[in-house]
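For reference, the structure discussed in these notes is given below.
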Amino acid sequence: MKLMTGRERKQKDSPWIHIVLMGYVLISLYPLLWAFQNSFKRHVDIISYPFAPIKNFTIQNYIDAWNTSNVNVYLANSFIVSIIASAATVVMAAMTAYALVRIPYKRINQAIMTVLLLAIMVPGATILVPLYAFVRNFENYFGFQIYDTYLSLIFPYATFGLAISVMIIKAFMSAMSKELEEAAVMDGLNIFGLFFRIVFPICLPALVSVFIVNYLNNWNEFIMANLLLSKESLRTLAVGVAAFKDMLNTNYGGLFAATMYSVIPVVVVYVILQDKIIDGLTAGSLKG
């Protein structure tokens with residue numbers, strides 16, 4: 001009896017693996033494709049033939065959603081909050097990771113890593129009540145109000161993404177050579193010059209990946225955005241889309257179009273930058 005090698009077994013099983021994965025992809029994407037298709041149908045066609053191909057193509061749903069539902073305002077709010085919070089997370093996580101890698105305090109570093117791991121394991125929903133109370137009473141502690149401002153989301157978003165970001169960047173920095181840093185110190189760079197002029201550019205692949213992952217999470221976040229913002233002019237797109245059902249009543253075409261305004265930018269960003277995300281997340285394990 002001939003035993004198959006690992007490569008032969010892999011080649012034999014690969015068609016079935018691809019079939020299973022393709023089925024998973026189709027099941028996952030079908031609701032999105034169905035909503036995208038219906039966003040170009042008239043309301044009456046969606047009611048009568050929700051699963052049929054498009055018969056009367058129209059972009060009026062997108063025009064109505066944009067003109068009557070403040071989509072442009074919600075889009076701008078989402079971009080502002082997501083970009084600023086993600087950039088803050090990247091900078092703070094990079095500084096923290098570099099300190100954990102280079103400063104030789106093993107017990108303190110281990111304690112910090114333990115706290116970060118615990119932060120990852122704790123569900124965000126469990127601290128919504130104390131978070132809301134803290135944001136509402138922020139002025140009592142620090143002298144200025146952040147409730148119903150962009151900062152009420154930027155601060156929590158930057159904080160919630162910090163733990164996993166530190167883990168990813170630390171894995172990359174652990175593989176960096178010290179010789180370049182030592183040469184920079186010999187040339188007279190201080191710690192800030194060393195970090196921003198040497199370490200930061202070297203870690204750019206990992207930093208870009210962390211930024212994109214945090215950006216996508218912040219863009220899609222709903223619970224905190226709905227809890228900490230009451231002004232309609234400050235709503236993010238995720239919260240605005242949830243309110244479209246009431247504003248558009250039973251206009252399902254407009255509702256699907258409003259949903260696509262929220263989904264399409266994220267899909268486009270991920271499709272364009274997916275290689276950079278994967279490369280950055282795996283770069284730390286491939287160097288050495």
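The values are calculated or read from the model by the stated rules, or taken from the named source; none is laboratory data. Please read all numbers here as calculations on a predicted model, not as lab measurements. Don't worry about glycine lacking a Cβ; one is built from the backbone with ideal geometry, like all the others, and counts go over all protein chains shown. Ligands, DNA and RNA are excluded from the accessible area calculation, which covers all protein heavy atoms including side chains. Shrake-Rupley method; radii C 1.70, N 1.55, O 1.52, S 1.80 Å.
What are the trypsin sites (Lys or Arg not before Pro) within the stretch 50-106 that DSSP puts in a loop, where the Cβ has at most 12 other Cβ atoms within 10 Å? In loop regions of the stretch 50-106 (DSSP not H, G, I, E or B), the sparsely surrounded trypsin sites (Lys or Arg not before Pro) are 55.
Over the chain, give the accessible area per residue in Å² for a 1.4 Å probe, as an integer.
60
Placing unit charges on each Cβ (+1 for Lys and Arg, -1 for Asp and Glu) gives the chain a dipole about its Cα centre, and among 205, 236, 73 the Cα reaching farthest toward its positive end belongs to 205. For the chain, with a Gaussian network of springs between Cα atoms less than 10 Å apart, report the residue from 208, 44, 266 with the top mean-square fluctuation. Taking springs between Cα atoms under 10 Å, the residue moving most is 44. Between residue 107 and residue 189, the C-beta separation translates, for a Förster distance of 35 Å, into a calculated FRET efficiency of about 0.75.
On the principal axes of its alpha carbon atoms, the chain extends 78, 72, 36 Å, with the longest extent given first. Would the stretch 1-150 count as rounded, prolate or oblate if I go by the C-alpha gyration tensor, calling it rounded below 1.5 in a/c and otherwise prolate when a/b exceeds b/c, oblate otherwise? Oblate. For the chain, the relative contact order works out to 31 percent when only alpha carbon pairs closer than 8 Å and six or more residues apart are counted.
Maximal additional length on extending the residue 272-residue 243 stretch stands at 7.5 nm, based on 0.36 nm per residue less the C-alpha distance. Taking 140, 61, 72 in turn, the Gaussian network model of the chain (Cα-Cα springs below 10 Å) assigns the largest fluctuation to 140. Long hydrophobic helices in the chain: the complete DSSP H runs spanning 20 Å or more by Cα along their own axis with mean Kyte-Doolittle hydropathy of at least -0.5 are 6-38, 71-102, 106-121, 204-220, 252-286.
Please work out the ratio of the alpha-carbon Rg of the stretch 15-58 to 2.2 N^0.38 Å and round it to two decimals.
Details: Rg = 13.9 Å, N = 44, 2.2 N^0.38 = 9.3 Å.
That works out to 1.50 for the stretch 15-58.
Using +1 on the beta carbon of Lys and Arg, -1 on that of Asp and Glu, and nothing else charged, what's the dipole of the chain about the Cα centre, debye to 20?
I would put it at about 780 debye.
Could you identify which residue out of 27, 168, 154 has the top mean-square fluctuation in a GNM of the chain using Cα springs shorter than 10 Å? Checking each option, the largest mean-square fluctuation is seen for 27.
Rounded to the nearest 500 deg cm²/dmol, what is the calculated helix-only ellipticity per residue at 222 nm for the chain, with -39500 (n - 2.57) per DSSP H run of length n ≥ 4?
Working: 15 runs with 213 residues, N = 288.
Mean residue ellipticity, 222 nm, calculated: -24000 deg cm²/dmol.
Of the trypsin sites (Lys or Arg not before Pro) in the stretch 169-238, the ones in a loop by DSSP (not H, G, I, E or B) with at most 12 other beta carbons within 10 Å are 178, 231.
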